[in-house]
Amino acid sequence: MNSIPVLTVKDVAMLDGVLGDFLKKAEADLTVVIDRGGNVISRFGDSSVMDVTIFAALAAGSFAATCELARRIGEIEFNALYHQGNGSHMFMNSVDDDTIMITVFGADTNVGLVRYYSIAAAQSVAAILKSLRHAGHGFTFDASDISAAPIFADS
Amino acid sequence: MSIINYASREIQFKIVYYGPALCGKTTNLAYIHQRVNPQNRGDLVSLATAADRTLFFDFLPLNAVVIKGFVTKFQLYTVPGQVIYNATRQLVLRSCDGLVFVADSQWEKMEENVESFKNLVDNLARQNVAIDDVPCVLEYNKRDLPNIAPINYMEYVLNNRKKRLQSFEVMSSTGQNVFATLNAVSQILLHKFSKQSEVPQTTPAPVAIPVEPPTPTPERRSAPV
């Protein structure tokens, strides 16, 4: 039987604690933890201005593409990436082999500060996710819980 | 890999549309985007060249309530079909939960279909995943075109294996069976995680003998996968 990895309410609270502390110290607007396939694991901050799902998919793609660039110059990957805009900027850093952290920030802070605090935040997130993997929580459901009707309708 | 968040009561699944160049993967997503209730979908994001060829991937997020008490988020991706973009296909396949293999039904595309399916199997193997372990359906697209192979022949070429896949005749340009394909892979995917693990589908009978094409040329015939 297959099971889906679970983030319990307690796990989410722990991640929120780390990410909230990081945002406060770095004075950034939003941080999103995603897996390298583009799935959102956790988010904290103001995500009202964007679709975080799309943001995560594109960020995962961008990070993966630069891994190929890194290999061309003899690196395994670039541990961190910075995209500079006119008013909003983005910083991405590797958390572990499966996970990336993305931080969006504006004029209230600078990339050095975000980068500095992101290192400790990434280590804390990695430790939480590692403990989750060891705990091996998995979720399954009854077949009767799944709607028998077509999931998507052609309207 | 799917993940469930108990705090937000969300489950995420990633479904990838795979297939040779110009087989209609993006057309599938465009039709779904056009026809799904806007409240249940996000924007269709397409990273394409100026000539509308997929460069990186297309992405469409969909929401549904199919498991009691949880919002289920399906993330639909396409891969770039062109041969040179294999590194990109490997990236998009990462953490994939379900697959739709889109085959072009035209005779002249049969070799590309076979190559692309082999490429899919190889790319999954690089992630230590066997094709039989991933919920997957076959879509025989472009059934509205004149120069197409019969279904039995396509089944023989692409679906002649011990564990056969559910397959659909599709016209993605008009949308025929596009949703049937998506619903099928979604149901197989959901039942993979259910306690019974039984997929409610009718397994098609094996195709033992290939149907000969009406006017084949030897180079058009492709070896079975």
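With respect to residue A:58, determine if the residue is away from chain B (no Cβ under 11 Å) and either of a type outside the set (Ser, Thr, Tyr) or without any contact (Cβ under 8 Å) to a residue 40 or more places away in the chain (or both). Answer is no for this residue.
Residues B:199, B:129: which one is hydrophobic (A, V, I, L, M, F, W, C) and at pLDDT below 90? Selected residue: B:199, the only one of B:199, B:129 that is hydrophobic (A, V, I, L, M, F, W, C) and at pLDDT below 90. Would you confirm, using the coordinates I've provided, whether residue A:69 is within 14 Å of chain B (Cβ to nearest Cβ), within 24 Å of residue B:10 (Cα to Cα), part of a helix (DSSP H, G or I) and of a type in the set (A, V, I, L, M, F, W, C)? When the stated conditions are applied, residue A:69 does not pass them.
Among residues that are modelled with pLDDT under 95, closer than 16 Å to residue B:16 by Cα and within 14 Å of chain A (Cβ to nearest Cβ), residue B:99 is not included.
Every residue, every condition in (1) touching a His at 6+ places or on another chain (Cβ under 9 Å); (2) not charged (D, E, K, R), yes or no:
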position: A:46; (1), (2): no, no
position: A:49; (1), (2): no, yes
position: A:52; (1), (2): no, yes
position: A:67; (1), (2): no, yes
position: A:73; (1), (2): no, yes
position: A:91; (1), (2): yes, yes
position: A:94; (1), (2): no, yes
position: A:101; (1), (2): no, yes
position: A:122; (1), (2): no, yes
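Being within 11 Å of another protein chain (Cβ to nearest Cβ), under 16 Å from the mean Cα position of the chain (by Cα) and either within 22 Å of residue B:89 (Cβ to Cβ) or modelled with pLDDT under 95 (or both) holds for only one residue in A:97, A:35, A:46, and it is A:35. Within the stretch A:67-85, the set of residues being farther than 22 Å from residue A:129 by Cβ and modelled with pLDDT of 85 or more comprises A:70, A:71, A:72, A:73, A:74, A:75, A:82, A:83, A:84, A:85. Among the residues of the stretch B:103-114, at least one is of a type in the set (Asp, Glu) and crowded, with 24+ Cβ neighbours inside 10 Å.
For the stretch A:1-14, the candidate set comprises residues that are surrounded by fewer than 23 Cβ atoms within 10 Å (Cβ to Cβ) and touching a strand residue (DSSP E or B) at 6+ places or on another chain (Cβ under 7 Å); within that set, the residue that is nearest to residue A:67 (Cα to Cα) is A:5.
For the stretch B:50-63, a tally of residues being touching a strand residue (DSSP E or B) at 6+ places or on another chain (Cβ under 7 Å) and either surrounded by fewer than 20 Cβ atoms within 10 Å (Cβ to Cβ) or assigned to a loop (DSSP other than H, G, I, E, B) (or both) returns 2. The requirement of being surrounded by 16 or more Cβ atoms within 10 Å (Cβ to Cβ), within 13 Å of chain B (Cβ to nearest Cβ), touching a residue at least 40 places away in the same chain (Cβ under 8 Å) and in a helix (DSSP H, G or I) is not satisfied by residue A:64. Of the residues A:98, A:29, the single one that is surrounded by 14 or more Cβ atoms within 10 Å (Cβ to Cβ), in contact with a Lys or Arg (Cβ under 8 Å, 6 or more places away or on another chain) and charged (D, E, K, R) is A:98. Against the test of being facing another protein chain (nearest Cβ under 9 Å), of a type in the set (Phe, Trp, Tyr), in contact (Cβ under 8 Å) with a residue 60 or more places away in the chain and in contact with a Gly (Cβ under 9 Å, 6 or more places away or on another chain), the options B:70, B:74 yield a single qualifying residue, B:74. Restricting B:131, B:67 to residues that are more than 27 Å from residue B:37 (Cβ to Cβ), surrounded by 14 or more Cβ atoms within 10 Å (Cβ to Cβ) and in contact with a helix residue (DSSP H, G or I) (Cβ under 9 Å, 6 or more places away or on another chain) narrows the list to B:131. Since residue B:95 meets every condition but one in (1) crowded, with 19+ Cβ neighbours inside 10 Å; (2) assigned to a strand (DSSP E or B); (3) out of contact with any His (no Cβ under 8 Å at 6 or more places or on another chain), which condition does it not meet? Of the numbered conditions (1) crowded, with 19+ Cβ neighbours inside 10 Å; (2) assigned to a strand (DSSP E or B); (3) out of contact with any His (no Cβ under 8 Å at 6 or more places or on another chain), the odd one out for residue B:95 is (2).
Restricting A:22, A:44 to those that are touching a residue at least 60 places away in the same chain (Cβ under 8 Å) and of a type outside the set (Asp, Glu) reduces the list to A:22.
Would you call residue B:22 outside any helix (DSSP H, G or I) and either more than 22 Å from residue A:57 (Cα to Cα) or away from chain A (no Cβ under 14 Å) (or both)? Yes, satisfied.
The values are calculated or read from the model by the stated rules, or taken from the named source; none is laboratory data. Remember, it's a predicted structure, so these values are computed and weren't measured experimentally. For neighbour counting, all protein chains shown are included, and Cβ atoms are generated from backbone atoms with ideal geometry for every residue, glycine included.
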